[in-house]
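A quick write-up on the structure given underneath.
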Amino acid sequence: GMIVDAEILTIIHQIMTKLDVGKFETKLCHRVLLEGIVVLSGAPLAKFKGICSAIDKLDKEPWEAVAQELIHEKGIDPAAVEKIKGFVQHRGKIDDMLAKLEQSGLFANHPGSVKAIEELKLVSKYLKLLNSYDSVTLDLSLARGLDYYTGLIYEIVIEGSKVGSVGAGGRYDNLVGMFGSNEIPCIGLSIGIERIFVLLEEKLKAAHQDVRK
């Protein structure tokens with residue numbers, strides 16, 4: 001597996017390179033690693049969603065604010081919150097991050113996470129073959145939309161832009177099965193057209209070119 005996952009990330013790379021609205025980055029994470037973070041930190045898995053929605057704010061808020069929310073609003077034990085901190089501040093190139101995670105043994109006691117790391121190694125290998133490795137960053141604070149994602153999750157951001165993410169997606173292997181009798185594995189992506197238009201418009205204005213309606 002994981003070829004399709006790498007193909008989707010490559011499609012994102014191709015679309016964003018062609019659109020040329022600024023330096024972009026695809027932030028990548030894995031749902032099972034996030035579960036591993038919760039379990040290994042000693043926080044209750046029953047509060048998984050709430051914990052993730054707090055962690056996901058780290059791109060806009062400092063850790064202190066997120067820690068306060070986890071402790072006071074989500075009711076997570078401060079010792080567990082301190083452990084969560086040790087996980088979510090990891091971000092960088094996929095191979096560097098995976099090497100770091102394996103050396104530190106951070107996820108060694110969570111079998112699901114060990115498997116997820118193997119999946120990410122494969123993704124990395126395919127991304128290199130598809131020439132899209134450089135645009136992807138493994139970011140353990142990316143924890144979005146986890147109601148239905150089962151594997152990889154990703155979000156596209158433009159450096160220095162104020163529009164927020166311009167695209168997102170992930171693997172949702174159980175979603176289609178909920179509406180029928182068959183389990184159908186799925187992975188998808190979406191591109192935010194309106195936000196892209198805003199960036200294209202800014203780019204054209206800056207270059208004093210006409211903005212086509």
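The values are calculated or read from the model by the stated rules, or taken from the named source; none is laboratory data. Remember, predicted model here, so these are calculated numbers, not experimental data. Positions of Cβ are backbone-derived with ideal geometry, glycine not excepted, and every protein chain shown enters the neighbour counts. Note: accessible area is taken over every heavy atom of the protein model, side chains too, but ligands, DNA and RNA are not part of it. Shrake-Rupley method; radii C 1.70, N 1.55, O 1.52, S 1.80 Å.
All Cα-Cα distances of the range 28-152, cut into 10 Å bins from zero to the largest, leave 13, 47, 32, 7, 1 percent in each bin in turn. Over all projection directions, the Cα-based convex hull of the chain averages an area of 13.7 nm². Which whole-number percent is the relative contact order of the range 72-213 (Cα, under 8 Å, 6+ apart)? The value is 15 percent. Relative to the longest principal axis of the Cα atoms of the chain, the long axis of helix 193-206 lies at roughly 50 degrees.
Against the chain, whose longest principal axis is taken from its Cα atoms, helix 31-41 shows a tilt of about 40°. Largest first, the residues TYR154, TYR126 sort by 1.4 Å accessible area into TYR126, TYR154. Evaluating 6.51 cos²θ - 1.76 cosθ + 1.60 at θ = phi - 60° for every residue in the range 5-14, the Karplus couplings come out as 4, 5, 5, 4, 5, 6, 4, 4, 4, 5 Hz, glycine and proline recorded as x.
Counting charges near ILE153 (Lys, Arg +1; Asp, Glu -1) among other residues having Cβ under 15 Å from its Cβ returns a value of -4. Summing Cβ point charges (Lys, Arg +1; Asp, Glu -1) relative to the Cα centre of the range 1-46 gives a dipole of roughly 100 debye.
Any chance you could look up the accessible area of ARG144 with a 1.4 Å probe, heavy atoms only, rounded to 10 Å²? Probe radius 1.4 Å; accessible area of ARG144 about 50 Å². According to the Cα-based calculation, Rg over Rh for the range 114-161 is 0.99, with Rh computed by the Kirkwood formula. Working note: 222 nm ellipticity from helices only, DSSP H runs with n ≥ 4, each -39,500 (n - 2.57), summed and divided by the residues of the chain, gives -14000 deg cm²/dmol to the nearest 500.
Within the shell defined by Cβ-Cβ distances under 12 Å, the residues around CYS186 carry a net charge of -2, with Lys and Arg each +1 and Asp and Glu each -1. Over the range 2-47, the pair-distance histogram of Cα-Cα distances with 5 Å bins from zero comes to 5, 17, 18, 14, 12, 12, 11, 8, 4 percent, rounded to whole numbers. For the range 1-95, the relative contact order is 23 percent, taking Cα pairs closer than 8 Å that sit 6 or more residues apart in sequence and dividing their mean separation by the residue count. For the range 71-77, 3J(HN,Hα) computed residue by residue from phi via the Karplus equation (6.51, -1.76, 1.60; θ = phi - 60°) reads 6, 8, 9, 9, x, 8, 4 Hz, glycine and proline entered as x.
Volume per residue of the convex hull around the Cα atoms, evaluated for the range 1-77, comes out as 113 Å³.
For the set PHE107, PHE24, PHE197, the ranking by accessible area, highest first and with no ligand, DNA or RNA atoms included, is PHE197, PHE24, PHE107 under a 1.4 Å probe.
In plain terms, the bigger the Kirkwood radius, the slower the diffusion; for the range 109-196, with that radius from Cα pairs, at 20 °C and 1.002 mPa s, Stokes-Einstein puts D at 144 µm²/s. Other residues with beta-carbon under 14 Å from the beta-carbon of THR26 carry, at +1 per Lys or Arg and -1 per Asp or Glu, a net charge of -3. Using alpha carbons only, how many degrees (0 to 90, rounded to 10) separate the axis of helix 94-104 from the longest principal axis of the chain? So the inclination is approximately 10 degrees.
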